[in-house]
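J.: Pasting a structure here, questions to come.
No value in this document is a laboratory result; all are computed from the given coordinates. Quick caveat: nothing in here was measured; it's all calculated off a predicted structure. In this analysis, Cβ positions are derived from the backbone assuming ideal geometry, glycine residues included, and neighbour counts consider all displayed protein chains.
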Amino acid sequence: MKKYEIMFIVKSTNESDNIKASAEFMKNIITENKGKIVEFNELGEKKLAYPIKKEINGYYYVMIVEANNTAISELNRKASINENILRHLTIRLDEE
């Protein structure tokens, strides 16, 4: 399995329960596809550099995962479809 860093932004106009549910949704995609979450950080609400889908603030999350290509592909697919996820970025970390 390869190591990845995944950052995603959730709409801040949602209720706090929906924001946490969106974060759990992203975590569940990895674990359902036999991946492992090494680290999960909630960075909180921040102002976006520019409006995205008419949103000016977003809730930021960063997670480090160990997963296979299937899990990452599925995460990217479902994050693109989910209305509550404004943006997401997946970076493969180098093995040292």
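J.: Counting alpha carbon pairs within less than 8 Å and at least 6 residues apart, what relative contact order, in whole percent, applies to the chain?
T.: Details: 173 pairs, mean separation 45.1, N = 96.
Once normalised by length, the contact order is 47 percent.
J.: Suppose the chain between E32 and L89 were pulled fully straight at 0.36 nm per residue; how much longer would it get relative to their current alpha carbon spacing?
T.: On the way: separation 57, 0.36 × 57 = 20.52 nm, distance 1.96 nm.
Going from the current span to full extension adds 18.6 nm.
J.: Evaluate 2.2 N^0.38 Å with N set to the residue count of segment 2-92, then give the Cα radius of gyration divided by it. Please report the intermediate quantities before stating the final value.
T.: Values: Rg = 12.5 Å, N = 91, 2.2 N^0.38 = 12.2 Å.
Cα-based Rg divided by the globular estimate yields 1.03.
J.: Kindly provide the helix-only [θ] at 222 nm of the chain, computed as the sum of -39,500 (n - 2.57) over DSSP H runs of four or more divided by all residues, to the nearest 500 deg cm²/dmol? Intermediate results must be reported in sequence, preceding the final value.
T.: Details: 2 runs with 30 residues, N = 96.
Theoretical 222 nm ellipticity from helices: -10000 deg cm²/dmol.
J.: Can you work out ³J(HN,Hα) from phi for every residue in segment 77-82, in order, using Karplus 6.51 cos²θ - 1.76 cosθ + 1.60 and θ = phi - 60°, giving whole Hz and x for Gly and Pro?
T.: 5, 6, 5, 5, 7, 5
J.: Another question, if that's okay. About its Cα centre, what dipole magnitude does the chain give when the only charges are +1 on Lys and Arg Cβ and -1 on Asp and Glu Cβ, stated in debye to the nearest 20?
T.: On the way: 15 positive and 15 negative charges, 65 e Å.
It works out to roughly 320 debye.
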